[in-house]
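Structure record follows, encoded as structure tokens.
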Amino acid sequence: MARVAVLGCGVVGTEVVRSLVEHADELHSRTGTRLDLVGIGVRSTATPRDPVVPTELLTEDLPGLVRRADLVIELLGGIEPARQLILDAVGSGASVVTANKALLAAHGPQLYEAADAARADLFFEAAVAGAVPVVRGLRESLAGDRITRILGIVNGTTNYILDEMTTSGLDFETALAQAQQLGYAEADPTADVQGLDAAAKAAILASLAFHSRTALADVPVQGIREITPADIASAAQTGHVIKLLAIAEVGRHGTVPGVAVRVHPALVPIDHPLASVRGPYNAVFVEAAAAGTLMFYGAGAGGVATSSAVLGDVVAAARNFVNGGKAPAESAYAALPAMPAEAVRTRYQIRIEVADQPGVLAEVAALVARRGVSIETVRQGAHASADDVAELVIVTHEASESALAATVVDLDTLEVIKRITSILRVEGN
């Protein structure tokens, strides 16, 4: 019999408890042992709960609960006390299952090392993309391959907002309010709309894929608050949609190999599979040397969906408990450094309003070329703010962030340029 402690009883915790209680016999058959729920650690036992939660198992003594468990399911969120409780659990030899992306992005190396030293399991499938089994795919199924790039939608809230702006013509604030009403966005949506949630997940994926510890601080982030209906309309005119993407890839800074990780809104061609990811769903593309391109797709949020990933890890941990095995450990042997943001290369779309007069395009093109940025296409847009103003939409060939930043500074000095309307990266071609 394996003694199981659940820490946290919010939306996901309640669904996990429901499965442990209502499907106990089935889980016994799948794991080879009975999963004995010995306690549910909560901040307040007085908080009203779903009737499925056994009130007699609720406790505010989380450290005491951890000490008497063989398997700890951490669903508290946040950094403390979750970090210390996980360290205590693995230190005592207990297996841990967590969905805490913020904790892993900030303190993953410490937790991985502690679990490895104690030969304890640390599972975290639910920390990245809800029910989508991308963590297990990277850590186990693709363990013998060489992954070169990850490109994905890993935040359901922002994908829902951008999808509604695209398909229903809503502005950002209206789409956000709708997402909150439907339960897709928190009352404080900052972590989602500013890209911080996606950045934490990107750091975890990069660490797994490239066997190099990647911290949240290594991930440049841009959120979606500044995306306007005009951006959405302009994207449609060029055959694109806008998605918030998490991107991790192996590159070079000079002659030094490194890992480049970033999160930002990007233009995605409408015929790319990521363009058709609707609502609060997640999808992750993995490019590997032998396997080629793989896509992981599914529900990225919600209590039921996330509990599926948690229970999958619970079954794996319980089987190891019975058989004396251990899950694959975190691997950081490659130790590739994080590439600086300015070294990352991609394509850009720059929308600018210019004086509607002869010679402007040639002047703009010459300035861009001086910075070593090559123009792929230029077209006249349809969103000029005045009769004597024209909009130019410039798409560049691949260029570095530093070259693009210098180009933007130079563009601001041209008298013929009225304003730079937006700058978006182009991905997925």
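The values are calculated or read from the model by the stated rules, or taken from the named source; none is laboratory data. These figures come from a predicted structure and were not determined experimentally. Here the Cβ positions follow ideal geometry from the backbone for every residue, glycine too, while neighbour counts run over all protein chains shown. Heads up: the accessible areas ignore ligands, DNA and RNA and are worked out on the full protein's heavy atoms, side chains in. Shrake-Rupley method; radii C 1.70, N 1.55, O 1.52, S 1.80 Å.
In whole percents, the pair-distance distribution calculated for region 132-175 from its alpha-carbon pairs, binned every 5 Å from zero, is 5, 18, 19, 14, 10, 10, 10, 8, 5, 0. Directionally averaged projected area (region 386-426, Cα convex hull): 3.3 nm². When every Cα-Cα distance of the chain is counted in 20 angstrom steps from zero, the calculated P(r) takes the values 25, 51, 20, 4, 0 percent.
Sorting R68, R119, R30 by solvent-accessible area of protein heavy atoms yields R119, R30, R68, largest first, with a 1.4 Å probe.
Computed extension gain for A329 through Q110, at 0.36 nm per residue and net of the alpha carbon distance, reaches 77.5 nm.
As I understand it, the value is the acute angle between the Cα axis of helix 303-323 and the longest principal axis of the Cα atoms of the chain; what does it come to in degrees, rounded to 10? Roughly 50 degrees, rounded to the nearest 10. Relative to the globular-protein estimate of 2.2 N^0.38 Å, the Cα radius of gyration of region 112-201 stands at 1.39.
Dividing the C-alpha radius of gyration of region 246-336 by 2.2 N^0.38 Å, with N its residue count, gives 1.45. In terms of the mean number of neighbouring beta-carbon atoms within 10 Å, the peptides 129-137, 313-321, 223-231 order highest first as 129-137, 313-321, 223-231. For the chain, find the longest principal axis of its Cα atoms and tell me its angle to the long axis of helix 82-91, 0 to 90°, nearest 10. Helix 82-91 and the main axis of the chain meet at about 50 degrees.
Compactness ratio for region 288-429: Cα radius of gyration over 2.2 N^0.38 Å (N = residue count) comes to 1.68. Rounded to the nearest 500, what is the chain's calculated 222 nm mean residue ellipticity when only DSSP H runs of at least 4 contribute -39500 (n - 2.57) each, over all residues? Helices in the chain give a 222 nm mean residue ellipticity of -10500 deg cm²/dmol. Principal axis analysis of the Cα atoms in region 147-274 yields extents of 45, 34, 22 Å, listed in decreasing size. Against the chain, whose longest principal axis is taken from its Cα atoms, helix 11-22 shows a tilt of about 40°. Computed across region 330-377, the Kirkwood radius stands at 14.4 Å (inverse of mean 1/r, all Cα pairs).
The 1.4 Å probe gives accessible areas that order D271, D61, largest first, as D271, D61.
For a straight C-alpha distance cut-off of 13 angstrom, the aspartates and glutamates reachable from K201 (same-chain residues fewer than eight places away being disregarded) are E125, D192, D218. Legend: translational diffusion of region 4-126 by Stokes-Einstein, Rh = Kirkwood radius over C-alpha pairs, 25 °C, 0.890 mPa s; D = 169 µm²/s. Among 246-258, 177-189, sorting by the average number of other beta carbon atoms lying within 10 angstrom of each residue, highest first, gives 246-258, 177-189.
For the chain, the fraction of 1.4 Å probe accessible surface lying on carbon and sulfur atoms is 51 percent.
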